[in-house]
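The structure under discussion appears below in the form of structure tokens.
The values are calculated or read from the model by the stated rules, or taken from the named source; none is laboratory data. Here the structure is a predicted model, which is why all the values come from computation and not from measurement. No Cβ is skipped: glycine too gets one built from the backbone with ideal geometry, and neighbour counts run over all protein chains shown. Calculation scope for accessible area: heavy atoms of the full protein, side chains included, ligands and nucleic acids excluded. Shrake-Rupley method; radii C 1.70, N 1.55, O 1.52, S 1.80 Å.
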Amino acid sequence: MPPGGPVTDTDVLIVGAGPVGLTAAAELRRQRVDCRVIDRLPGRLPYAKAVGIQPRTLEVWDRMGLVRAALEAAVPMRGQLLYVDGAEQGRIDLRLPPEVPYGFAALPQYETERILEEHLARFGTRIERGAELVSFAQDEDGVLSRITTADGGDEEVRSLFLVGCDGAHSTVRKGLGLSFEGGAFPEEYMLGDVEVDWSLPAGYGVRSLHHGADGAVDDVLVCIPLPGRHRYRMSMLVPPELSAAGSGDGAGADGVAHGLETARGPGLEDIQAVLDRLAPEPVTASALRWSSVFRISHRLVDRYGDGRVFVAGDAAHIHPPTGAQGMNTGIQDAHNLAWKLALAVAGRAHPRLLESYHAERHPVGEEVVGRTVRHARQGSVSDAEDAGTALLREAQLLVAYPGSPLVGPRGGDGAGPGPGERAPDCGGLTSGVAAVELRLFDLLRDRGHVLVLYAESAADLAACGELAALARRSAGAGADAEGGRPRACVVLAAPDPSAGGGGRDWHGAAVDATYEGSASDTAPLPVFVDGRGEFARAYGTGGATAFVVRPDGYLGVRLAPVAAPETAAGLAAHFARVFAG
């Protein structure tokens, strides 16, 4: 027995039980990977720290099968009211294109963590509270971590992989020796979770600015709606008596000043004083649930992992809260990493698959840090792009991986999304069984890789079957249904009304469509009719086309036409970049 205590084994050890760590754990467990989640805190903190939920995060949760719980607990974010020097300057309405399935939402972080924790419990996994990572060492076969447990004992945990989701002062990041370059804002803010009795419209945030004699902003109030009657999380500049600069508080031992200083929270009277100066109308604050001083740094790690150890979320990037980008970016870090770890644990990953985590997510972190710093300094979330594009960017719907080593060149014609881009949703799909129309996301939910084939004639079905068989074989022998072996479905073009018979002819023609999975195994080829042409429009199909939708909802490949030899070759090449040979 090692001197540090007993050794226990698991596939993945996750350090940190915030939204990022819980997302990683939930996706791993969904893909049947054993994992342990440890967190040094004894329980969830009752603070509405990160509150904005982006539409893209809701799409991720939809794919994971937990979006319903989030929708039940969240409130819609409809827009923002802007006031400058006491006068209303405009209203921003957060209206996305109708084909985007989810809007912007507000949800306190402790509720986000509750939803994820309850979802994780369905898989029999619980958070090990009061457990802290002390050190770790990795070799070619795994990672040996030493942790202290809630009862003060020592334990050594042997895992195949270690994931640090342990925040701005990450022990995992420090243990890897990663740099965390950046800077800090001189301003400090205070936060408060309160109720107010104003008459402003529900679902709208409030941003109120005041300019001094020199024309610079010298007073700020930002209010984000929360679930509950007239409840908001408010942020504002810190008065001198609460400043960390005057108290000696501030940066941690690692020099990173970021996050909540809970010991020096403002009182209700401090918040009321700011409201008296900046609120759009006379208002009284009440029911203070919590408050804190908030400090901001902007930093980015140089690498998102090394060997068998990875970092995600605030352990990899921190930045101003402008636009509610931080937690959402971290959640998507975790989802990107988890599906790749699942393949690696199962022995079905290409030897270099895990390297794509840094290649794909580091540029995203770099862009988010740069954008939020720029927006914080200029006092707005607008850039030199049209309002519609800016809104899609804030919704994180424009995140893409065009330079990823996993994606290949675009094949075929058409103007729709290409490899590395988000796979959009669409409605109006019908089957021969379902009495209601389906959405594409219904077909992707709780799945791994999905091969989506668009056909324009019954003659295309044979070629689709051959591609489906190729996809099924690509993960190798022993691959299970979700963890490795890709699923396949065919979306057929809407029938020509002049041909008579409507969509039922299409469904009838597809009844016998199958594809060969192995020498002794055939499977039905699920077929859905694009009755309103929404798929064709969303994906810009220029003919029969093959798409691979990855587990995280991005396109891995786009090839056309389905019957061309180069399409089969391109599909095989793509899967060879993902799966072990």
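Pairwise Cα distances in the stretch 260-383 exceed 26 Å in 43 percent of cases.
The value of relative contact order for the stretch 380-454, using C-alpha pairs under 8 Å at least six residues apart, is 18 percent. Averaging the Cα positions of each part gives two centres, and for the stretch 141-203 and the stretch 62-105 these lie 26 Å apart.
Of the two radii for the stretch 110-205, the radius of gyration is 1.11 times the Kirkwood radius, both from the alpha carbons; that is the Rg over Rh value. Structural size metrics of the stretch 531-581, computed from C-alpha coordinates, are Rg and Dmax of 12.3, 40 Å. Can you check what the net charge comes to around P46, using other residues whose Cβ is under 12 Å from the Cβ of P46 (Lys, Arg +1; Asp, Glu -1)? The answer is +1. Ordering A560, A536, V283 by Cα displacement along the dipole of the chain toward the positive end leaves A560 in first place; charges were set at the Cβ atoms of Lys, Arg (+1) and Asp, Glu (-1). About its Cα centre, the dipole of the chain is roughly 780 debye, where the only charges are +1 on Lys and Arg Cβ and -1 on Asp and Glu Cβ. The Cα atoms of the chain define a convex hull whose projected area, averaged across directions, is 29.0 nm².
For the chain, averaging the sequence separation of C-alpha pairs within contact (under 8 Å, six or more residues apart) and dividing by the residue count gives a relative contact order of 15 percent. Which angle from 0 to 90°, rounded to the nearest 10, does the C-alpha axis of helix 326-345 make with the longest principal axis of the chain? Result, in degrees: 40. Relative to the longest principal axis of the Cα atoms of the chain, the long axis of helix 460-473 lies at roughly 60 degrees.
Think of a 1.4 Å ball rolled over the protein heavy atoms: the chain then has 40 Å² of accessible area per residue. Helical content of the chain, expressed as a calculated mean residue ellipticity at 222 nm, amounts to -8500 deg cm²/dmol (DSSP H runs of 4 or more residues, -39,500 (n - 2.57) each, divided by residue number, nearest 500). By accessible area, using a 1.4 Å probe on protein heavy atoms only, the chain has 51% of its surface on carbon and sulfur.
Full extension of the chain between E128 and L398 gives 93.6 nm of extra length, using 0.36 nm per residue less the Cα-Cα distance.
Please give me the summed charge of the neighbours of V407: other residues whose Cβ is under 10 Å from its Cβ, Lys and Arg +1, Asp and Glu -1.
Values: positive: R410, R550, R558, R577; negative: E360, E421.
Net local charge, V407 excluded: +2.
Once the C-beta distance of A572 and S135 is scaled by a Förster radius of 51 Å, the resulting FRET efficiency is 0.70 to the nearest 0.05.
Leaving ligands, DNA and RNA out of it, rank E421, E394 by accessible area with a 1.4 Å probe, largest first. Write out the running numbers ahead of the final one.
Numbers: E421 80, E394 20 Å².
Result, largest first: E421, E394.
Under the criterion of Cα pairs below 8 Å and six or more residues apart, the relative contact order for the stretch 1-144 equals 32 percent.
Would you mind classifying the stretch 165-236 by shape? Square roots of the alpha carbon gyration tensor eigenvalues, ordered a ≥ b ≥ c; an a/c under 1.5 is rounded, otherwise it is prolate if a/b is larger than b/c and oblate if not. Working shown, then result.
Working: a/c = 3.99, a/b = 1.56, b/c = 2.57.
Oblate is the answer for the stretch 165-236, as a/c is 1.5 or above yet b/c matches or exceeds a/b.
Computed from Cα positions, the angle between helix 19-30 and the longest principal axis of the chain comes to roughly 20 degrees. Three principal axis extents describe the C-alpha atoms of the stretch 5-55; from largest down they are 39, 27, 10 Å.
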